[in-house]
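What follows is a set of notes on a single structure, which appears directly below.
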Amino acid sequence: MATTKNFPQISGMTLVISTLVLFVTNVAVLFIAQSLFPKAIVLGTHALSYWWAVGMSMSKLAVIGAIVMPFVSKYEAARQRIFSPIEWSVLYLVVNVATLWVISRFSEQFGLGVSSWMVIVGLAVVLDVAQGMVMMVYGKMLS
């Protein structure tokens, strides 16, 4: 039987760097997506500029994405089973869809508006792929 020492633990600094990495990835994906589909993704309001809306909305997505990591680590240790990359991908797809939906419901505060739930799902899929690739590279840099 495996002990909890075999399971990866998320340190404070790793969590901070992961949040920053996720933030930069999210901003890049959102910038490209909004440039390609300007009628489906709207950034900014009468009170929030374009870049402020990008920062506000994507920082929330990055923080929530980073908060998930320690919970999954604890869950893995409790179940004595490490998540596969597919399980991480599915988990983050659900987290991204839910978080983007909530952020877009508060578009006055965060400045991110989307035209439909299909746009949220499409954006979440692209974010999931980009976040997965970047976090795998970051994980290899740590080991």
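Observations
- Stretching LEU36 away from SER89 to a fully extended chain increases their span by 16.7 nm, per 0.36 nm per residue minus the current alpha-carbon distance.
- Residues in the range 103-143 reached by a label modelled at VAL68 [backbone nitrogen below 18 Å; 7 Å Cα→Cβ]: 103-105, 118-139
- Calculated P(r) of the range 34-102 - Cα pairs past 18 Å, %: 52 percent
- Computed in the context of the full set of protein chains, the accessible area of the range 10-143 at 1.4 Å probe radius has 77% of its extent on carbon or sulfur.
- Cα convex hull volume per residue for the chain (Å³): 108 Å³
- The range 87-128 - Rg (one decimal) and Dmax (whole number), Cα, Å: 10.2, 34
- Mean accessible surface per residue for the chain, computed with a 1.4 Å probe while every protein chain stays in place, in Å²: 60 Å²
The values are calculated or read from the model by the stated rules, or taken from the named source; none is laboratory data. Worth saying up front: this structure is predicted, and the values here are computed from it rather than measured. Positions of Cβ are backbone-derived with ideal geometry, glycine not excepted, and every protein chain shown enters the neighbour counts. Areas reflect the complete protein model, heavy atoms only, side chains present, ligands, DNA and RNA absent. Shrake-Rupley method; radii C 1.70, N 1.55, O 1.52, S 1.80 Å.
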